[in-house]
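Visitor: I have a structure here, written as structure tokens, and I will follow up with some questions on it.
The values are calculated or read from the model by the stated rules, or taken from the named source; none is laboratory data. All values reported here derive from a predicted model rather than from experimental measurement. Methodologically, a virtual Cβ is constructed for each residue, glycine included, from the backbone with ideal geometry; neighbour enumeration extends over all protein chains shown. The protein model used for the area step is the full one, side chains on, heavy atoms only, and it has no ligands, DNA or RNA in it. Shrake-Rupley method; radii C 1.70, N 1.55, O 1.52, S 1.80 Å.
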Amino acid sequence: MHGTARAASTPTAPSPTLTATFNNTGISDDTSPTSANLDGVGASFSAQALAADGWAPGAAYNLADGTIIAVPQVAPGQPDNTLAAGQTFAAAGAGGALDLVATSTNGSTSGTGVVTYADGTTQSFAMAVPDWWTGTVGIAAVSPYRNSGSGRQVHQVSLYLTSVPLVAGKSVASVTLPNVNASSSGPALHVFAVAFAPVAPVADLAAAFNNTAISDDGNVAGANIDGWGNSFSQQDLIAAGWSPGARVVAGAASLTMPQTAAGKPDNVVANGQRIGYSTSGSALSFLATSVDGAASGAGTLSYSDGSTQNYTIGTPDWITGATDTMAVSLPHWNRTSGQASASAKLYVESVPLAAGKTLSALTLPAAGANGAQLHIFAIGSRDSSAAWAGSWAAAADDGLVPGPWTNRTLRMVEHSSVGGSQVRIRLDNAFVGTPVNVGHATIAVQSSASAASGTPVTLTFHGNRAVTIPAGGQALSDAVPFAVPADANLLVSLYFPGTVQLESVHSLGTQDMYSSADQAGDQTAAVSSFPVNNTFGFWTLLSGVDVQTGTTPGPGTVVALGDSITDGVGSTYNGNARWPNDLARRVLASSYPHRGVIDEGISANKVVTDDFTGVQGSGGGGISAVSRVDRDVLSQSGARTLIILEGVNDIKAGTPADQVIAGLKQIAATAHAYGMTVIGGTVTPFQGYSAWTTAYEAQRQTLNNFVRASGGVFDSYVDFDAAVRDPSNPAALLPADDSGDHLHPSSAGYTAMAAAVDLSKL
């Protein structure tokens, strides 16, 4: 959509209609392919192929913005479009926009036209139209092949929609087309039809679909996401659990895959379309990806009370983009030359919704810059979860092959923070490329080791005992009555009826977990006789336990985001002596609201650099805090307050403090946009640790000085540094608070850190 704009010329006597200016024949009958010559070298649209898409002479054709346009009543082989060269035609009418259906040949084109209103005022408009052979953005009508003198050429060719916003309350008198090229031999702009668009948005996202991105492996020519004939594999999507019409929970949002067959329009290339969508919640989520590079842009949310809100979304490139924030990665892409190995990725991007308001419509971002395009496949919302509090959580840090496990049951231990009368669990199949089947899940209070204090309670998923979680997807169980004690060990048991080769984990449990042997079957209901075959020390698939406390809204959740010091390295094994555990006990013993406190620490995690990249074997320290804040903070139930303690791993890796500070600012700004309170934590000392240097100490001091005087970046701060440092040597931990490696505090040190938190700030 690039080119050089030329000034429009205005004839003294406008033509009565657009059709009166037609000077090119661009559509031929398949039986007479040489009867049209759109591009100056004998190629043309097929009348039959366009008719199959609904674009037929005299037909009423639905455009992406809800406009019903009358296709000119012109027979194939007759002049049916205007080579835009400054022609003026009468166009009496009014609406929200002027829609022009056009295409370009011999390259994309752009230019400036003029709308003249009945009151004599004028409005310039820019028109940028892709080439009919290579373009993918803003498609209005499509043909899978074109006609030429040498025969049918199988490749998508398209007509495109340009929508020109009109001045509200005014009537149009005439339109002057851009002055691009009077000849089809060079780059030329062809205009086929014009109509006035309604002000109202289209009914839903599917009504605006203007691109086909998913193809059947046996017909790769049926889709073209990027203008080069490439596409997602329908078979790969089905194998990953993302089949047509599938309901997928990702980023804590419920999204429905397009209910379309392979080779049919299945996504919107974002270009300012207005979409009707009614919802409420904490966030609006988009299942999207970009082509030709990372694409982003600004759009508008419209609420039922008449207020509006600006937002910005964007994703990395579908093939070359980052794997850390992907929703799902597929093993192939379909190309015109056949299927090839590649990491074809979809992403889920979320934006906050105004609390207490109902969304009625949204305007998608305008077209991406530098040729990049943002493709949107589905829209969903994230529930506010205000009635729920997180009682326990663990962040996925890696995709690990822990087995295979076949027909076995895992019983894992979780320590609650706040108690409640109802419970639900979160399962997260993060970073895994295949679905996982859970045949039965239960919860109980621990008596000792693997023994439950009573009969475990069955958890259901949409009323079903079993659940299949797509690759990269999540599952949230139904609420069930169950008395969750505060500050107590729970047992969550998961039965895997099939074989699990790969599953996401939180590597550092600092806690014994229990596994049956393969082929032991469903042991989730065992009370004191769970058949332990082996113990292990990580959480897998399970990512959260939520409770309802009986108050509406609930008390809210404090999220501790951090690295190994938040994860509890150096604390007493099986002792639940991490600083977030100690903080939860302080909250419970206080007169302040008994908020949930959840631990989203990952050992070796960094603020701005990925250790794990989303690809198996790339590292166990998780994706960067900047990249995981949406999943591990914003999507948590009742998330109210964020305490962030990170930076030492960045410093030890040589990352300058100013880059770490920039990352912390980004995290804080994102959390503030969701209405959260953000508390910064100073980085604790580590002199004596093998990686310590005076230069790194200087960086730590710079970072801590920022945290203490952030200038409003944080709402307050916790001086963890002051809580555990040695007064006689402030660069080092106090010996009593040192676990022995001079980096991680002891259990006593973690208690001191929790004691430094001002409960009135939570």
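Visitor: What pairs come out if I take residues in the stretch 671-684 that are at positive phi and pair them with residues that are open to solvent by 10 Å² or more (accessible area, probe 1.4 Å) and modelled with pLDDT under 95 whose C-beta lies under 8 Å away, six or more apart or interchain?
Guide: Filtered contacts from the stretch 671-684: G675/A355.
Visitor: A further question follows. Within the stretch 493-511, is there a residue that is more than 25 Å from G472 (Cα to Cα), open to solvent by less than 10 Å² (accessible area, probe 1.4 Å) and either outside any loop (DSSP other than H, G, I, E, B) or among the small types (G, A, S) (or both)?
Guide: Scanning the stretch 493-511, I find no residue that is more than 25 Å from G472 (Cα to Cα), open to solvent by less than 10 Å² (accessible area, probe 1.4 Å) and either outside any loop (DSSP other than H, G, I, E, B) or among the small types (G, A, S) (or both), so the answer is no.
Visitor: Additional query: Of the residues in the stretch 512-537, how many are open to solvent by less than 60 Å² (accessible area, probe 1.4 Å), assigned to a loop (DSSP other than H, G, I, E, B), under 18 Å from S453 (Cα atoms) and of a type in the set (S, T, Y)?
Guide: Residues in the stretch 512-537 being open to solvent by less than 60 Å² (accessible area, probe 1.4 Å), assigned to a loop (DSSP other than H, G, I, E, B), under 18 Å from S453 (Cα atoms) and of a type in the set (S, T, Y): 1 in total.
Visitor: Just the residues that are farther than 29 Å from G371 by Cβ and either in contact with a helix residue (DSSP H, G or I) (Cβ under 6 Å, 6 or more places away or on another chain) or not in a loop (DSSP other than H, G, I, E, B) (or both), please, taken from the stretch 88-97.
Guide: Within the stretch 88-97, T88, F89, A90, A91, A92, G93 qualify.
Visitor: Within the group G263, G306, G281, which residue is open to solvent by 60 Å² or more (accessible area, probe 1.4 Å), among the small types (G, A, S) and at positive phi?
Guide: G306
Visitor: Given the criteria open to solvent by 10 Å² or more (accessible area, probe 1.4 Å), assigned to a loop (DSSP other than H, G, I, E, B) and touching a Phe, Trp or Tyr at 6+ places or on another chain (Cβ under 6 Å), does P244 qualify?
Guide: No.
Visitor: Further, regarding this structure: Please enumerate the residues belonging to the stretch 402-438 that are over 26 Å from G554 (Cα atoms), open to solvent by 20 Å² or more (accessible area, probe 1.4 Å) and touching a strand residue (DSSP E or B) at 6+ places or on another chain (Cβ under 8 Å).
Guide: Scanning the stretch 402-438 gives P402, G403, P404, T406, N407, R408, F431, G433, P435, N437.
Visitor: Step by step: first the residues of the stretch 127-161, then only those that are of a type in the set (S, T, N, Q) and not in a strand (DSSP E or B), then the one that is surrounded by the most Cβ atoms within 10 Å (Cβ to Cβ). Which residue is that?
Guide: T136
Visitor: Here is a further query. Here are the criteria: (1) in contact (Cβ under 8 Å) with a residue 60 or more places away in the chain; (2) within 30 Å of F461 (Cβ to Cβ); (3) open to solvent by 50 Å² or more (accessible area, probe 1.4 Å). Tell me which single one W228 does not satisfy.
Guide: Status for W228: all satisfied but (2).
Visitor: Only residues that are open to solvent by less than 10 Å² (accessible area, probe 1.4 Å) and either not acidic (D, E) or not in a strand (DSSP E or B) (or both): list them for the stretch 98-124, please.
Guide: L98, L100, V101, A102, T103, S104, T105, T109, G111, G113, V115, Y117 - these are the residues of the stretch 98-124 that are open to solvent by less than 10 Å² (accessible area, probe 1.4 Å) and either not acidic (D, E) or not in a strand (DSSP E or B) (or both).
Visitor: Okay, next question. Looking at the stretch 174-182, is at least one residue closer than 30 Å to I225 by Cβ, among the hydrophobic types (A, V, I, L, M, F, W, C) and part of a strand (DSSP E or B)?
Guide: No - not one qualifying residue is present in the stretch 174-182.
Visitor: Determine, yes or no, whether D719 is touching a strand residue (DSSP E or B) at 6+ places or on another chain (Cβ under 6 Å), in contact (Cβ under 8 Å) with a residue 24 or more places away in the chain, under 27 Å from G663 (Cα atoms) and of a type in the set (D, E, K, R).
Guide: When the stated conditions are applied, D719 does not pass them.
Visitor: Out of the stretch 156-194, which residues are small (G, A, S) and closer than 20 Å to P130 by Cα?
Guide: S158, S163, A182, S183, S184, S185, G186, A188, A193
Visitor: Mind listing whichever residues of the stretch 453-474 are in a strand (DSSP E or B), touching a strand residue (DSSP E or B) at 6+ places or on another chain (Cβ under 7 Å) and open to solvent by 10 Å² or more (accessible area, probe 1.4 Å)?
Guide: V457, T458, V467, T468, Q474, listed by residue number.
Visitor: Scan (1) farther than 30 Å from H440 by Cα; (2) at pLDDT below 95; (3) not aromatic (F, W, Y) for the single condition S384 breaks and write down its number.
Guide: Of the numbered conditions (1) farther than 30 Å from H440 by Cα; (2) at pLDDT below 95; (3) not aromatic (F, W, Y), the odd one out for S384 is (1).
Visitor: I need a count of the residues in the stretch 538-552 that are modelled with pLDDT of 95 or more and either open to solvent by less than 10 Å² (accessible area, probe 1.4 Å) or of a type outside the set (F, W, Y) (or both).
Guide: Residues in the stretch 538-552 being modelled with pLDDT of 95 or more and either open to solvent by less than 10 Å² (accessible area, probe 1.4 Å) or of a type outside the set (F, W, Y) (or both): 9 in total.
Visitor: Out of all the residues in the stretch 33-56, is one or more touching a helix residue (DSSP H, G or I) at 6+ places or on another chain (Cβ under 8 Å) and farther than 18 Å from Q156 by Cα?
Guide: No, the stretch 33-56 contains no residue that is touching a helix residue (DSSP H, G or I) at 6+ places or on another chain (Cβ under 8 Å) and farther than 18 Å from Q156 by Cα.
Here is a yes/no grid of residues against (1) touching a Ser or Thr at 6+ places or on another chain (Cβ under 6 Å); (2) of a type in the set (G, A, S):
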| position | (1), (2) |
| --- | --- |
| V445 | yes, no |
| G472 | no, yes |
| L476 | no, no |
| P485 | no, no |
| A488 | yes, yes |
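Conditions (1) part of a strand (DSSP E or B); (2) over 19 Å from G338 (Cα atoms); (3) not hydrophobic (A, V, I, L, M, F, W, C), marked per residue:
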residue	(1), (2), (3)
F232	yes, no, no
D236	no, no, yes
A262	no, no, no
G272	no, yes, yes
S290	yes, yes, yes
S302	yes, yes, yes
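Visitor: List the pairs whose first member sits in the stretch 554-580 and is without any contact (Cβ under 8 Å) to a residue 60 or more places away in the chain, whose second member is among the polar types (S, T, N, Q) and surrounded by 24 or more Cβ atoms within 10 Å (Cβ to Cβ), and whose Cβ atoms are under 9 Å apart, counting only residues at least 6 apart or on separate chains?
Guide: D567/N605
Visitor: Next up: Does at least one position in the stretch 745-761 carry a residue that is closer than 23 Å to I667 by Cβ and free of Cβ contacts under 8 Å to residues at least 60 places away in the same chain?
Guide: Yes, because at least one residue in the stretch 745-761 is closer than 23 Å to I667 by Cβ and free of Cβ contacts under 8 Å to residues at least 60 places away in the same chain.
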